[in-house]
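Structure first, commentary second.
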Amino acid sequence: MKKFRLLIASLLLMPVLAFSGQAASQLSGFGYPSFEIPQPQAPYKDASQITGLPLYSFSREGMISSYLKAAIDSSRYSVDIAIYGISDSQLAQAVIEAKQRGVKVRMIVNQAHLFAAKVDPSLQALIDAKVEIRTLKGGGRYGIMHNKLAIFDSRILFGGSFNWTLKANNSNFENAIFSADSKYISGYKAYFEWMWSYARPYEQGPMSDYDVSNLKFIPSDNSPSVSFNSIRLPSYAFSPNGGIKETIIKAIDAAGKEIKVAIFSFYDEKIYDALKRAALRGVKVKMVADRVQSSQSDIVKKMYLEGYDFRWSAGFSGGVMHNKFIVLDSKLLISGSFNFSDSAQYYNFENIFITDKSSYTSAFEQEFDYIYSQARKPSQEEIDSINSFSSDSRFESF
């Protein structure tokens, strides 16, 4: 117990996680599997290695922002970020300091946050520091740039549901994924460059509306290598209109035993139909959704009335249940920024990370089980009072 207290104290007192051998051992001391990054080649030869990062983290443990800061602080060449929202001043400062030490920093931020009546102080600090920021909005009237991803030194990928906000770290149920797999790195880098080419420099003001049909040539995984039952799936998929929904439905249709869904908002009829097909063939379907979002969804109402194993949940400390992941047959994980809606498919910039690696799937299944255990079934009165809305991004942009 004394050693454990010393470990926690050292983490709290450590100003910058530079990933020395000591820092790496501290970061990996929470029972997570982690990965080692090979000694970088030129132009990284003088850079410290990024070691000891976990493969995943969950916000209720309060560590995601620390891992992100460590990754930023350890970057020596490039930091590429596409983030829906940022209000964490420590992460903003870490990005500013990276720029000041010569790291090439590029940020894509959802346009509405950059040109709001009141810009968040953390985002304003990035603007004032002249970090290279581009603005991006989705297609249609309510489309958004909804990604939560970053690539550090072209070697480390961060993804998941986690916006760079204090609420995400301290109140919401969230997840973060880290990967050093070259296939994910190359795919997400291509996606970032593709978005960057469409994004508009902040100094030029907001971009005008455009038709999402003009957004062609979205990157895709042309060599699907994720094995699930009798099918192959891509390692990643992107939107707008890059096949995310089709990939999710294909995976659901291949499930044979159990599907566990943790989703912030659910408005999509086709994904609902796929889950219904699974249930009809004997697959056990369990779902946890955010309580507030669920109170606006006809899909949720139907699932409850049709007897699905459905619960809803708030966050762990007054926040929201903001996860967007699925575990299928305990051997496939789909996670990312994608809520179940037409807006996410056709108008928003979104991503999903897909893996059959047990180091990820088992951890996310355990997290689902925890969230499910503290969630509750809505009452009939609560279901009857559901006020349905359309599935546009006004009601899911989080």
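The values are calculated or read from the model by the stated rules, or taken from the named source; none is laboratory data. Keep in mind that what you see is a predicted model, and the values were worked out from it rather than measured. Positions of Cβ are backbone-derived with ideal geometry, glycine not excepted, and every protein chain shown enters the neighbour counts.
What to note about this one:
- Restricting attention to segment 135-152, the residues that are surrounded by 21 or more Cβ atoms within 10 Å (Cβ to Cβ) and over 19 Å from PHE238 (Cα atoms) total 1.
- Residues of segment 236-260 classified as crowded, with 21+ Cβ neighbours inside 10 Å, in contact with a helix residue (DSSP H, G or I) (Cβ under 8 Å, 6 or more places away or on another chain) and either in the same structural domain as SER186 (by TED's automatic domain parsing) or polar (S, T, N, Q) (or both), total: 1
- Those residues of segment 124-144 which are within 17 Å of VAL95 (Cβ to Cβ), within 22 Å of the chain's Cα centre (by Cα) and in a strand (DSSP E or B), in sequence order: ILE133, ARG134, THR135
- Top-ranked residue of segment 212-229 - restricted to ones that are touching a residue at least 40 places away in the same chain (Cβ under 8 Å) and part of a loop (DSSP other than H, G, I, E, B), ranked as surrounded by the most Cβ atoms within 10 Å (Cβ to Cβ): LEU215
- In the set (1) within 28 Å of MET303 (Cα to Cα); (2) touching an Asp or Glu at 6+ places or on another chain (Cβ under 9 Å), the condition left unmet by SER235 is number (1).
- Some residue of segment 314-325 being crowded, with 24+ Cβ neighbours inside 10 Å and of a type in the set (Gly, Ala, Ser): no
- Hey, GLN93 of a type in the set (S, T, N, Q) and without any contact (Cβ under 8 Å) to a residue 24 or more places away in the chain or not: no
- Any hit, segment 330-337, residues being more than 22 Å from ALA279 (Cα to Cα), surrounded by 24 or more Cβ atoms within 10 Å (Cβ to Cβ) and in the same structural domain as ILE263 (by TED's automatic domain parsing): yes
- The one condition in (1) part of a helix (DSSP H, G or I); (2) within 17 Å of the chain's Cα centre (by Cα); (3) aliphatic (A, V, I, L, M) that LEU275 fails to fulfil: (2)
- Some residue of segment 237-253 being charged (D, E, K, R), modelled with pLDDT of 95 or more, farther than 22 Å from GLY143 by Cβ and assigned to a loop (DSSP other than H, G, I, E, B): no
- Among the residues of segment 264-287, the one identified as small (Gly, Ala, Ser) and buried (at least 23 other Cβ atoms within 10 Å of the Cβ) is SER265.
- Qualifying position, being part of a helix (DSSP H, G or I), in contact (Cβ under 8 Å) with a residue 40 or more places away in the chain and closer than 22 Å to PRO378 by Cα, among LYS301, LYS286: LYS301
- Any hit, segment 185-196, residues being under 24 Å from SER313 (Cβ atoms) and either out of contact with any Asp or Glu (no Cβ under 9 Å at 6 or more places or on another chain) or small (Gly, Ala, Ser) (or both): no
- Condition met for PRO201 (surrounded by fewer than 16 Cβ atoms within 10 Å (Cβ to Cβ), touching a residue at least 60 places away in the same chain (Cβ under 8 Å) and touching a strand residue (DSSP E or B) at 6+ places or on another chain (Cβ under 7 Å)): yes
- Subset of segment 157-197 (residues that are at pLDDT 95 or above and of a type in the set (A, V, I, L, M)): LEU157, ALA168, ALA176, ILE177, ILE185, ALA190, MET195
Per-residue answers, yes or no, for (1) touching a strand residue (DSSP E or B) at 6+ places or on another chain (Cβ under 6 Å); (2) within 23 Å of PHE364 (Cα to Cα):
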| position | (1), (2) |
| --- | --- |
| GLY62 | no, yes |
| ILE83 | yes, yes |
| GLN90 | no, no |
| GLN111 | yes, no |
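- When residues in segment 272-318 are screened for being closer than 29 Å to ASN169 by Cα and among the aliphatic types (A, V, I, L, M), 8 of them pass.
- Test for GLN374: is it in contact with a Pro (Cβ under 9 Å, 6 or more places away or on another chain) and either more than 17 Å from SER161 (Cβ to Cβ) or buried (at least 16 other Cβ atoms within 10 Å of the Cβ) (or both): no
- Scope segment 94-116; condition out of contact with any Lys or Arg (no Cβ under 9 Å at 6 or more places or on another chain) and surrounded by fewer than 21 Cβ atoms within 10 Å (Cβ to Cβ); matching residues: ILE96, GLU97, GLN100, LYS104, HIS113, PHE115, ALA116
- Residue within segment 191-211 that is assigned to a loop (DSSP other than H, G, I, E, B), within 27 Å of SER330 (Cα to Cα) and either of a type in the set (D, E, K, R) or in contact with a Phe, Trp or Tyr (Cβ under 6 Å, 6 or more places away or on another chain) (or both) present: no
- Among the residues of segment 74-109, the one identified as over 20 Å from ASN147 (Cβ atoms), of a type in the set (A, V, I, L, M) and not in a loop (DSSP other than H, G, I, E, B) is ILE96.
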